[in-house]
Amino acid sequence: MPTAAVAPRLKRPQSWTQDPEGVKREILDAARTEFVEKGLSGARVDEIAAKTSTAKRMIYYYFKDKEGLYLAVLEEAYSRIRALERTLDLAALPPREALATLAGFTFDYHADNSDFVRLVMIENIHHARHLKVLTKIGEINLSALEMIGGVYMRGVAEGVFRPGINLLDIHLTMSALSFYNVSNRATIEQVFGHDMGAPEARTRRRANVIEAVVRFVRAD
């Protein structure tokens, strides 16, 4: 006796009343992908909504408009890297090892999260106009300098780091070297035939970045 055909299950819209944080999370994930692929100008709320299981009106309910959604994506992007940095137990390590660990983490985070690099590049195209609106962005990123400061001052006290270096210069050196490896991967491959994302190239570049950061501050 033939069995009755089973109707396919349809994806049911997610209810904001049942899981409001889950709905917001889904919207932010879809929005991040859209902004990274198309930039702020090219992204469309209709397309973002189509990639979620909720209604378009919920995007406006939570984020007001496309720019509000973009601001939320930006803030989350910076919050995430800072939160993961704070999980590093740098205080338990000698200063040089601690700085090397932080530099390695920074390199790996950028390499593994190209979306973050793309978002920062997009915001630079807009001359950081939207970051200026985020009143908490300075507070969110302050922890990056505090972590470097803790490691650096211990190193100076122990005589392994030279005194007088600006903490922001250390952060900028570490971030710039890590950022470039992702932001310029396509052009470097086209110009020099070198894929900076290939496993062996990435491992070598990571070691070079760590060495450059440690050499920048060390006393000897």
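The values are calculated or read from the model by the stated rules, or taken from the named source; none is laboratory data. In this text, all values refer to a predicted model and were calculated from it rather than measured experimentally. A quick note on method: Cβ atoms are made from the backbone with ideal geometry, for glycine too, and the neighbour counts reach across all protein chains shown. We work out accessible area using only protein heavy atoms, side chains counted, and drop any ligands, DNA or RNA first. Shrake-Rupley method; radii C 1.70, N 1.55, O 1.52, S 1.80 Å.
Quick check: from the Cα gyration tensor, does region 69-220 come out rounded (a/c under 1.5), prolate or oblate? Numbers along the way, then the final one.
Working: a/c = 2.03, a/b = 1.18, b/c = 1.72.
Note, shape of region 69-220 comes out oblate.
The trypsin sites (Lys or Arg not before Pro) of region 82-119 that DSSP puts in a loop, and whose beta carbon has at most 15 other beta carbons within 10 Å, are Arg86. The rule of thumb for compact globular proteins, 2.2 N^0.38 Å, goes into the C-alpha radius of gyration of region 78-120 1.24 times. Near Gly159, once Lys and Arg are set to +1 and Asp and Glu to -1 for all other residues with Cβ below 11 Å from its Cβ, the sum equals +1. In order along region 27-34, the phi-based Karplus estimate (6.51 cos²θ - 1.76 cosθ + 1.60, θ = phi - 60°) of 3J(HN,Hα) comes to 5, 4, 4, 5, 5, 4, 4, 5 Hz; Gly and Pro are listed as x.
Across His126, His110, the residue with the most accessible area heads the list, and the full order at a 1.4 Å probe is His126, His110.
Could you give the angle, 0 to 90 degrees to the nearest 10, between helix 167-183's Cα long axis and the longest principal axis of the Cα atoms of the chain? The answer is roughly 50 degrees. For region 149-197, the Stokes-Einstein estimate of translational diffusion at 4 °C and a viscosity of 1.567 mPa s comes to 101 µm²/s, using the Kirkwood hydrodynamic radius over alpha-carbon pairs.
Taking the protein heavy atoms of the chain in the context of the full set of protein chains, the accessible area attributed to carbon and sulfur is 56 percent at 1.4 Å. The residues of the chain expose, per residue, 58 Å² of accessible area to a 1.4 Å probe. For Thr187, the solvent-accessible surface computed with a 1.4 Å probe is close to 80 Å², ligands and nucleic acids excluded.
Remark on Phe161: its backbone amide H falls under 5 Å from those of Val156, Ala219, a criterion applied only to residues 5 or more positions apart or on other chains, H modelled at 1.01 Å from N. In order along region 93-101, the Karplus-derived 3J(HN,Hα) couplings, from 6.51 cos²θ - 1.76 cosθ + 1.60 at θ = phi - 60°, round to 10, x, x, 5, 5, 5, 5, 5, 5 Hz, and Gly and Pro are given as x.
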